[in-house]
Amino acid sequence: MNCDEKLRDCFDEMVVYKDLKKTNFFASLSLPSFMRDWLLKKFEDDEGNFDKDDLSRFVRKFIPKKDEWTAIKNRVVIEGERVKFLAKVSVNIDIKTGAVSFALPEFGLGFKETIIESDVWDSCKEELVHGSDIWGMVELGYSSPEDADADLDYDFESKRSRSKSSQEGKIKLISFKNFCPYRIDLEQYKDARNEFTIDEWIDVILGAVDYNAVGYQSEEEKLTMITRLLPFVEKRLNLIELAPKGTGKSYLFGNVSRFGWLSSGGVMSRAKMFYDQTKRKEGLISGNDFVTLDEVQTISFTDTDEMRAALKGYLEQGNFTVGDYKGVADAGVILCGNIRKEIMDADGYSNMFTELPVVFHESALIERFHGFIKGWNIPRMNDDLKIDGWALNSEYFCSIMHELRDDMTYRAIVDELIIVPEGADTRDTEAVKRIATAYLKLLFPHVQSASDISVREFKRYCLDRARKMRDTIKYQLGLLDVEYSGKDLPAFRINEMDA
């Protein structure tokens with residue numbers, strides 16, 4: 001049985017046929033991968049064929065563009081229609097009044113303009129309370145000021161109090177259906193991994209995130225590519241990647257998963273990243289599995305010292321303090337930037353962090369990043385690297401990676417397998433173990449005890465790669481600050497007692 005046959009046999013409906021070499025159709029729709037694969041799953045037959053006209057009609061009807069929002073408001077508010085479409089939803093529960101409202105961040109609709117009435121909330125709260133942003137099919141209607149007044153007169157003894165502002169007209173949620181149409185079964189996913197060799201599984205992962213394994217020249221190219229996925233599966237894994245232009249950084253971090261956030265250039269503030277005191281709202285760190293600062297050379301910070309202090313605290317402990325607000329989050333932070341050819345050719349032995357903004361020119365901050373991705377080992381994007389065949393549904397695969405973040409079994413295995421020498425630096429130890437754990441989740445999800453993986457495979461695919469990623473950070477720290485010069489990575493070894 002070849003890999004495609006295994007894939008379809010083991011994962012059944014979670015597999016879709018992707019042909020991204022024929023990009024014109026989906027490129028014109030401007031859809032992220034997870035939504036594109038959801039549509040393919042909905043419209044494809046058993047042979048991977050679908051009717052483009054049917055799919056296009058569905059997209060036009062249910063996946064509006066941002067510039068169509070005014071037209072939607074007209075239909076809802078002025079025409080009195082009920083309108084259904086796919087959107088990302090956030091929910092807010094007002095502590096003072098007990099009122100529940102929602103926001104559609106993609107369209108700029110805020111909490112103050114909306115309401116979720118009690119009966120609707122009771123019917124969909126189980127889906128809406130799990131996570132800060134939930135993708136799903138929303139149905140919107142309008143509650144006019146007259147409706148609000150009538151409700152107030154009729155329901156004067158309701159336990160839910162109504163503020164004066166509730167008598168204003170508001171867009172209301174009529175119904176909600178979760179975007180994910182199936183239950184994520186982690187155990188089934190882990191069991192299925194047993195049917196594949198490590199080489200086959202690496203190819204499966206590449207296909208799941210839209211890449212064609214045949215287009216890569218070596219295993220090192222493939223593994224460097226999927227190293228970008230490590231923050232998808234491990235909490236608070238902080239990485240730096242410098243790569244040539246056109247290697248797909250923005251695509252992978254910005255389009256594949258609905259659980260992450262890509263910020264490209266522009267201005268970044270502590271309020272946007274961590275907590276906005278004016279709006280009393282948590283920032284990007286709290287609502288995502290990872291936050292990628294792309295084109296980092298072009299990002300500016302409203303207050304460099306303020307941002308540096310906030311980042312150092314968060315990268316170290318996973319918490320942050322803004323004014324009197326104390327928050328905790330588990331998003332990883334990834335810095336992505338382009339690198340000049342002369343620095344790239346040095347293979348990491350020249351000072352690469354001169355490429356980063358001045359806020360990152362401090363060794364105490366850089367040390368808190370766990371590892372470095374040598375993006376120059378990834379080939380420039382070309383048609384041969386675009387998936388053309390059966391592959392895991394990106395939406396399903398990224399949901400699996402999101403669920404794996406909470407599985408502590410893998411870290412216990414890593415703790416058992418890695419022997420830490422006496423006097424080892426704590427940050428180095430944590431970095432290597434955290435990266436090795438992420439590799440274990442990604443490449444060997446079926447492993448449930450130390451005896452389930454060979455010493456050779458753990459060393460080659462987890463420990464050695466983790467050491468190399470951390471070693472680049474250590475070397476760059478030595479170039480940045482003489483205090484770190486000449487300090488080698490601890491000599492981690494593998495526990496082979498039971499081998």
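Things to note:
- Checked against the criterion of being of a type in the set (F, W, Y), under 29 Å from F196 (Cβ atoms) and within 27 Å of the chain's Cα centre (by Cα), the candidates F492, F458 yield just one match: F458.
- Residue match in the stretch 427-441 (condition: touching a residue at least 12 places away in the same chain (Cβ under 8 Å) and more than 22 Å from E367 (Cα to Cα)): yes
- For the stretch 131-138, the criterion of being surrounded by 13 or more Cβ atoms within 10 Å (Cβ to Cβ) and farther than 23 Å from G260 by Cα is met by no residue.
- Condition broken by Y154, with the remaining ones in (1) touching a helix residue (DSSP H, G or I) at 6+ places or on another chain (Cβ under 9 Å); (2) at pLDDT below 95 satisfied: (1)
- When each of V432, V414, V447 is tested for being surrounded by 15 or more Cβ atoms within 10 Å (Cβ to Cβ) and in a loop (DSSP other than H, G, I, E, B), the lone residue that passes is V447.
- Subset of the stretch 367-411 (residues that are among the aliphatic types (A, V, I, L, M), closer than 30 Å to Y349 by Cα and in a loop (DSSP other than H, G, I, E, B)): I378, M381
- Checking the stretch 335-354 against the condition returns no match, with no residue being among the acidic types (D, E) and crowded, with 16+ Cβ neighbours inside 10 Å.
The values are calculated or read from the model by the stated rules, or taken from the named source; none is laboratory data. Not measured: the values here are computed from a predicted model. Ideal geometry is used to build each Cβ from the backbone, glycine not excepted, and the neighbour counts take in all protein chains shown.
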